[in-house]
Amino acid sequence: MLNILFKIISLFRNLYWFAFKPITIGVKIIAVSDDKVLLIKNRYDKFWYLPGGGIKTGETLAEAAKREMMEECKIEIEEIKVIGAYSNFVEYKSDHIVLFSCDVSNFIPNKKGCEIEKMTFFKMNNLPLETSPATRRRLEEFISNKNNITSGKW
């Protein structure tokens, strides 16, 4: 029942975006433990994503990233690093995401939450087939840049 409710809400959200074409700003977090990344699966979607969400009024980007990690994953993070900023104009909106990374070693994911159906660590080179295309691109860039930093090609 809860999954159906979230799918209906998602449909209305898409209709709103189509009608009003809003500008949105959000954050996503590459939460790493060893060589694994934490992905979440929302109740209303078939894809796996990086944790994240929108920015609240008066909140900095870093504050939003830390809040989203606590709300979605129950992880309190101290150190966070900006990776990049990305734009998306596909879903009838002007969507802008700032990507962060953080180390979450020694964290054991919760089973599920209200909005989050599942959260699991995956090896970065062995992601589930249902990983969103944008999530795959961000992780490929993250791995590539990480390799470039160690080889001096940043």
Report summary line: Rounded to the nearest 0.05, FRET efficiency between VAL82 and ALA134 (Cβ-Cβ, R0 22 Å) equals 0.80
Report task. Step through the residues of segment 27-36 one at a time and calculate ³J(HN,Hα) from phi using the Karplus curve (6.51 cos²θ - 1.76 cosθ + 1.60, θ = phi - 60°), rounding each to whole Hz and writing x for Gly and Pro. Result -> 10, 9, 10, 8, 9, 10, 9, 6, 9, 10
Query raised in the report: If you build a Gaussian network model of the chain, linking Cα atoms that sit under 10 Å apart, which residue out of PHE12, PHE121, PHE142 swings the most?
Result: PHE12
Report summary line: Each label sits 7 Å from Cα toward the beta-carbon; between MET70 and TYR16 the label points are separated, in nm, by 2.4 nm
Report summary line: Helix 133-150: inclination vs the chain longest Cα principal axis, degrees, rounded to 10, gives 20 degrees
Query raised in the report: Can you give the angle from 0 to 90° between the axis of helix 2-20 and the longest principal axis of the chain, with both taken from C-alpha atoms, to the nearest 10?
Result: 80 degrees
Query raised in the report: Quick one: helix 61-73 against the long Cα principal axis of the chain, what's the angle to the nearest 10°, folded into 0 to 90?
Result: 80 degrees
Query - Chain lengthening between LYS118 and ILE4 when straightened (0.36 nm per residue, less Cα-Cα) - result: 39.4 nm
Requested in this report: Starting from the Cα of ILE25, step 7 Å along the direction of its Cβ; do the same at ASN106; then give the gap between the two resulting points in nm.
Outcome: 3.5 nm
Query raised in the report: Which links in LYS36/LYS74; LYS21/LYS66; LYS93/LYS118 stretch past 23 Å when you go from one Cα to the other?
Result: LYS21/LYS66; LYS93/LYS118
Query raised in the report: What residue among THR24, THR57, THR131 has the largest mean-square fluctuation in a Gaussian network model of the chain, using Cα springs under 10 Å?
Result: THR57
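Every read-out reported here was derived from the displayed coordinates using simple, explicitly stated rules and does not represent laboratory data. The model shown is predicted, which means the values in this text are computed figures rather than measured ones. Heads up, the Cβs are rebuilt from the backbone with ideal geometry, glycines too, and the neighbour counts pull from every protein chain shown.
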